[in-house]
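Asker: Have a look at the structure that comes next, please.
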Amino acid sequence: MLTIRGQGWRRQAVCLLETPDAPELWTPEHRPRSYVRVHLEQMCQRCPVRRECAADAVEAQTSEAGLYAGVWVPELRKKKQWASAMDDLRTIAGLDSTAGDFSALGASA
């Protein structure tokens, strides 16, 4: 199981290294156009810290729409799509998608 300790892993993220001046590509107000999203998803596929990114989004139960580890996460108000995205992120992170146990990530209740 993946354990997150600090945020130092972010320095190795492809999105930071290749698009440091364009963070709006990763957390847009609206889902990016398909041709942009495909490019961003490809970046995530080759990212060496994809699992950490996914685990971080799951741990934070992110409510900000955006692309995390190659998965589009909609706003929290879109409950079904949001829950499905969280399941996808748990799978990428190597977490049990049904347990909801975040102890390995260092999160506390």
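Asker: Take the residues of segment 21-39 that are within 16 Å of Cys53 (Cα to Cα) and loosely packed, with under 14 Cβ neighbours inside 10 Å: which is modelled with the highest pLDDT?
Answerer: Our first condition is that a residue be within 16 Å of Cys53 (Cα to Cα); within segment 21-39, this holds for 23, 25-27.
Remaining after also requiring loosely packed, with under 14 Cβ neighbours inside 10 Å: 23, 27.
Numbers: Pro23: 58, Thr27: 63.
Taking the candidates together, the pick is Thr27.
Asker: Can you confirm whether segment 52-71 contains a residue that is at pLDDT 80 or above, of a type in the set (A, V, I, L, M) and in contact with an Asp or Glu (Cβ under 6 Å, 6 or more places away or on another chain)?
Answerer: Within segment 52-71, one or more residues are at pLDDT 80 or above, of a type in the set (A, V, I, L, M) and in contact with an Asp or Glu (Cβ under 6 Å, 6 or more places away or on another chain).
Asker: Of these, Cys47, Cys15, which one is in a helix (DSSP H, G or I) and at pLDDT 85 or above? Can you show your working first?
Answerer: Numbers: Cys47 fails: in a helix (DSSP H, G or I).
Criteria check complete, one pass: Cys15.
Asker: Is it the case that Glu75 is part of a loop (DSSP other than H, G, I, E, B) and out of contact with any Pro (no Cβ under 9 Å at 6 or more places or on another chain)?
Answerer: On the way: part of a loop (DSSP other than H, G, I, E, B): yes; out of contact with any Pro (no Cβ under 9 Å at 6 or more places or on another chain): yes.
Considered against the rule, which asks whether it is part of a loop (DSSP other than H, G, I, E, B) and out of contact with any Pro (no Cβ under 9 Å at 6 or more places or on another chain), Glu75 comes out as yes.
Asker: Next up: State which residue pairs qualify: first residue modelled with pLDDT under 75 and inside segment 83-109, second residue among the aromatic types (Phe, Trp, Tyr) in any location, beta carbons under 9 Å apart, and separation of 6 or more residues or different chains.
Answerer: Final answer for the pair search is Ser108/Phe102; Ala109/Phe102.
Asker: I'm trying to understand the selection: among the residues of segment 46-67, which are surrounded by 18 or more Cβ atoms within 10 Å (Cβ to Cβ) and free of Cβ contacts under 8 Å to residues at least 24 places away in the same chain?
Answerer: Thr62
The values are calculated or read from the model by the stated rules, or taken from the named source; none is laboratory data. Predicted model, so just to flag it, every value in this text is computed and none were measured. Cβ sites come from the backbone with ideal geometry, for glycine too, and all protein chains shown count toward neighbours.
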